[in-house]
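Heads up, the thing below is written out as structure tokens.
A short reminder: the numbers here are calculations on the coordinates, not readings from a lab. This structure is a prediction, so every number in the text was calculated from the model and none was measured. Quick reminder, even Gly has a Cβ in these numbers, built from the backbone with ideal geometry, and neighbours come from all protein chains shown.
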């Protein structure tokens with residue numbers, strides 16, 4: 001029987017935390033910022049998944065949550081040898097998002113302008129998830145300038161933000177909510 005994980009360790013009481021592998025870093029370290037933002041996104045996806053949405057969307061969101069957790073753990077690893085036992089993102093994970101985007105887009109009218117977020121709470125949640133994902137993507141790219149980040153993670157986040165945008169549009173359509181185009185000169 002495995003030992004229960006203790007929630008508090010008191011190790012962070014002085015503003016530091018451990019990376020996966022044991023290296024101590026300040027809680028504002030670039031890696032912590034990136035996987036903390038992914039954790040924020042993952043939590044928000046949980047809220048989105050808890051809404052009254054199609055079961056297929058809930059299944060895909062659960063799969064996305066698992067992949068985000070994989071990304072978090074890989075970004076938290078302090079040394080390449082600590083990555084060897086961890087699951088990884090693959091091109092198949094990215095392809096799944098692309099397939100979902102394409103399937104939803106086939107059922108939507110052509111996009112002719114930028115859209116203002118809103119119109120329905122679930123649509124707004126999708127847009128918030130999209131913007132958190134974009135922030136995570138920016139932070140991951142910035143981290144990659146200093147530490148090597150697997151390209152699949154960056155690609156996955158890029159595709160994932162697109163997925164949330166199209167999901168927002170599809171949920172608008174499913175709920176007969178009018179999309180509001182941005183009209184820059186009105």
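Observations on the model:
- Inter-part distance where the stretch 40-68 and the stretch 98-148 are each reduced to a Cα centre, Å: 14
- Based on the Stokes-Einstein relation at 25 °C and a viscosity of 0.890 mPa s, and on the Kirkwood radius from alpha carbon pairs, the chain is assigned a translational diffusion coefficient of 136 µm²/s.
- Max mean-square fluctuation residue, GNM over the chain, Cα-Cα springs under 10 Å, options 110, 77, 129: 110
- Working from label points 7 Å from Cα in the Cα-to-Cβ sense, the residue 178 to residue 110 distance is 2.2 nm.
- On full extension, the segment bounded by residue 63 and residue 6 gains 17.9 nm, given 0.36 nm per residue less the C-alpha separation.
- Whole-angstrom Cα spans of the stretch 31-112 along principal axes, big to small: 47, 26, 26
- The long axis of helix 30-49 is offset from the longest Cα principal axis of the chain by roughly 40 degrees.
- Principal-axis tilt of helix 151-174 within the chain, Cα atoms, nearest 10 degrees: 30
- Among 92, 13, 50, residue whose mean-square fluctuation peaks in a GNM of the chain (springs only between Cα atoms under 10 Å): 13
- Considering only 74, 85, 31, the mean-square fluctuation computed in a Gaussian network model of the chain, springs between alpha carbons under 10 angstrom, is largest for 85.
- Between helix 55-76 and the chain: long-axis angle, C-alpha atoms, 0 to 90°, nearest 10: 30
- Compactness relative to 2.2 N^0.38 Å, alpha carbon Rg of the stretch 111-167: 1.29
- Net length gained if the chain between residue 141 and residue 185 were fully extended (0.36 nm per residue, minus Cα distance): 12.4 nm
- For the stretch 97-139, Kirkwood radius (reciprocal of mean inverse C-alpha pair distance, Å): 12.1
- Histogrammed with a bin width of 10 Å, the alpha carbon distances of the stretch 6-78 distribute as 18, 40, 27, 13, 2 percent, first bin at zero.
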